[in-house]
1. Using θ = phi - 60° and the Karplus curve 6.51 cos²θ - 1.76 cosθ + 1.60, what whole-Hz ³J(HN,Hα) does each residue of region 109-117 get, with Gly and Pro shown as x?
2. Set the Förster distance to 25 Å, then compute FRET efficiency between Leu59 and Arg21 from the Cβ-Cβ distance, nearest 0.05.
3. What does the extension gain come out to for Arg84 and Asp31, with contour length at 0.36 nm per residue minus their alpha carbon separation?
4. Long-range amide H contacts for Gly166: which residues qualify at under 5 Å (H placed 1.01 Å from N, peptide plane, sequence gap of 5 or more or a different chain)?
5. Mind listing the phi-derived Karplus ³J(HN,Hα) values for region 84-91, rounded to whole Hz, using 6.51, -1.76 and 1.60 with θ = phi - 60°, and x for any glycine or proline?
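Taken together, the values in this text are just the output of simple stated rules run on the coordinates, not laboratory data. Just so it is clear, the structure is predicted and the values come from calculations on it, not from any experiment. Counting neighbours? That spans all protein chains shown, and the Cβs are built from the backbone with ideal geometry, glycine included.
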Amino acid sequence: SGAGVTKDSSPAYGFLNIFGRRMDAKVAGEDAVRALYRSSPSSSFSCSCSYTVVRPSGLLEGPPKGPGALVVNQGDEAAGFITRADVAAVCVQAGDAAGAAGATFEVYDAGTAVATASLSVADILSNPGLAAVVSMVTGQTWRRQRGGSRGGDADAVVVTARERRGIDYPSLFEGLQRDAL
């Protein structure tokens, strides 16, 4: 899925939905996974199967930074940037982590968070030059750059108080709230 999928009034949601209604499809996919687990008797999952919905933020190229450089959050209140390599590692690790079972969470690099409710088109672009141009053309505020050097976490209005950091993946996922099925 992706960060911001529940914020259908944000400019970024509208922009990304132009491309094959991809944000709507992400929400539908999340809902379908939860419905599957909600409608299945627990006895049918004798293998102790579970699900985890990972909502990465803006994807970047580059080497992984590792769990110590990441933030997980719940409530879809913040988005940031993260490398594809870190997203892959988070997904693999979450699949085997008791703390991530049955949970939905956002993940991004520390220092890059911006509130999802007001996420602008410029905010989601990983190319700083293009983001600056889009900001000028659209008049939308551009609050961050890769690495959080323009705005970032200090500008995010995060109301969940569920942000967490960890030194390894188990501690990163520790304390995540399970979804209400």
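1. Each residue of region 109-117 in turn: 5, 4, x, 10, 6, 9, 4, 6, 4 Hz.
2. Numbers: r = 19 Å, r/R0 = 0.77.
That pair, Leu59 with Arg21, gives E of 0.85.
3. Numbers: separation 53, 0.36 × 53 = 19.08 nm, distance 2.39 nm.
Taking Arg84 through Asp31 to full extension adds about 16.7 nm, to one decimal.
4. Those lying under 5 Å, H to H, from Gly166 are Leu70.
5. 4, 5, 5, 4, 4, 5, 4, 4
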